[in-house]
Amino acid sequence: MSSPRDVDVVVVGAGQAGLSAAYHLGRQGFAPGSGVVVLDGDAAPGGAWQHRWSSLTLATTHRVHELPGLPFAPASDDLPAAEAVPAYFAEYERRFALPVQRPVRVSAVRRSGDGRFLVGSDAGVWRARGVVNATGTWTRPFVPYYPGRETFRGRQLHTADYRGAAEFAGRSVVVVGGGASAVQLLGEIAPVARTTWVTRRPPVWREGPFGEEQGRAAVARVAEAVRAGRMPGSVVGVTGLVVTPWVRRGLDDGVLTRLPVFDRLTPDGVAWDDGRFVPADVVLWATGFRAAVGHLAPLRLRTRDGVIPVEGTSAVDEPRLQLVGYGPSASTIGANRAGRSAAVTLRRLLAADDATGDLARTA
């Protein structure tokens, strides 16, 4: 078995948050290769964007915030996000010579005997003084359990499996979920299929512009929950769902008339305890994702709710572990800010170690 490769910082993940962190680590003096390495599980640049459905264009997605130091200037808003954003990420990696290695799947992060981290993967082991975790959520789609789910004879799929509306033509589709993705998918599927929308809570529609004050409120609520080790609620509950021209039409046409979530699935549909029944060929779970942090389990940082408490970007009980694209920074603009915060924090912590001799430099 080969010896661990020594670096100052390992960044796990090369999506928006990981690339931002790598860029800022370079600006903080961490040299590529010996000072920092980025391990990405995908075979190509683009993070989760490369896996989105082809009908999702730049015009219909949430705003894509550019990475630090390189403007995002696509030729057209009609381009598929799954093409335009990965191309931008690839150019970003080239422009700043970011030390990305792929595909490398990280399996476990452990503490070593000398106070460092051992980052194990299918490509070997790295020994690092600090770790920036930027693995996002795309690889952990969440599907809640409802009685009878295993008896349903139709098709069940998650947003992560969605590829386009054409495959649902002429079918009865139940869309589950109260977020922006559910609304967006209903807009695509309703013209070709019979759709039913169910959510746990009534949707909150936002007619006016979403300003900085509302943004700070949404981030603060998530940050407070994660800092305390609680599972954060839906940010949509604070931000609301934007009433776009399509949404206005959908509301007027009844496509966005929601029902409370069903009580159980049956072999041929969904049912409520009050006797209501909706036949279904397909149940589309637009029920979100969970943070992909299973590889951090050996560090034993999670609470009973499965949350790693963080203060800023630092794990409360392990500050040399930085979590970006997690909790309050799980957005494109939040990921950029978190990348800088993680880099600055690690430079400060490791410089303090150098001064006291607690951890020897590796580079």
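Bear in mind these aren't lab numbers, they're just calculated from the coordinates by the rules spelled out. On a predicted model such as this, the values are computed, not experimentally measured, just so you know. Cβ atoms come from the backbone with ideal geometry, glycine included; neighbour counts cover every protein chain shown.
Values for this structure:
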| read-out | value |
| --- | --- |
| Dipole magnitude of the chain about its Cα centre (Cβ charges: Lys, Arg +1; Asp, Glu -1), debye to nearest 20 | 600 |
| Translational diffusion coefficient (Stokes-Einstein; Kirkwood radius from C-alpha pairs) of segment 50-170 at 10 °C, 1.306 mPa s, in µm²/s | 86 |
| Formal net charge of residues neighbouring V192 (Cβ-Cβ distance under 10 Å; K, R +1; D, E -1) | 0 |
| Pairwise FRET efficiency - Y145 versus D252, Cβ, R0 = 56 Å, nearest 0.05 | 0.95 |
| Residues R52, R200, R300, sorted so that the one with the fewest Cβ neighbours within 10 Å comes first | R300, R200, R52 |
| Mean Kyte hydropathy of -1.0 or more with a Cα span along the axis of at least 24 Å, helices from DSSP in the chain | 332-356 |
| Potential lengthening between A31 and R201 on full extension [0.36 nm per residue; Cα-Cα distance subtracted] | 56.3 nm |
| Pairwise label distance in nanometres, A73 with D6, each label 7 Å out on the Cα-Cβ vector | 4.4 |
| Per-pair calculated FRET efficiency, R0 = 51 Å: A355 and R155 via Cβ, rounded to 0.05 | 0.30 |
| Computed log₁₀ I(q)/I(0) - Debye formula, equal Cα scatterers, no solvent, segment 111-168, q 0.13, 0.16 Å⁻¹ | -0.65, -0.74 |
| Inter-label distance, nm, simple model (7 Å from Cα along the C-beta direction), A123/D305 | 3.5 |
| Net +/- balance of residues flanking G154 in space, Cβ distance below 10 Å, scoring K and R +1, D and E -1 | +1 |
| Cα-based shape type of the chain, given that a ≥ b ≥ c are square roots of the gyration tensor eigenvalues and the cut on a/c is 1.5 | prolate |
| Theoretical FRET efficiency, 1/(1+(r/R0)^6), r = Cβ-Cβ of T60 and R111, R0 35 Å, to 0.05 | 0.20 |
| Mean separation of Cα contacts under 8 Å, 6 or more apart, over the residue count of the chain: relative contact order % | 24 |
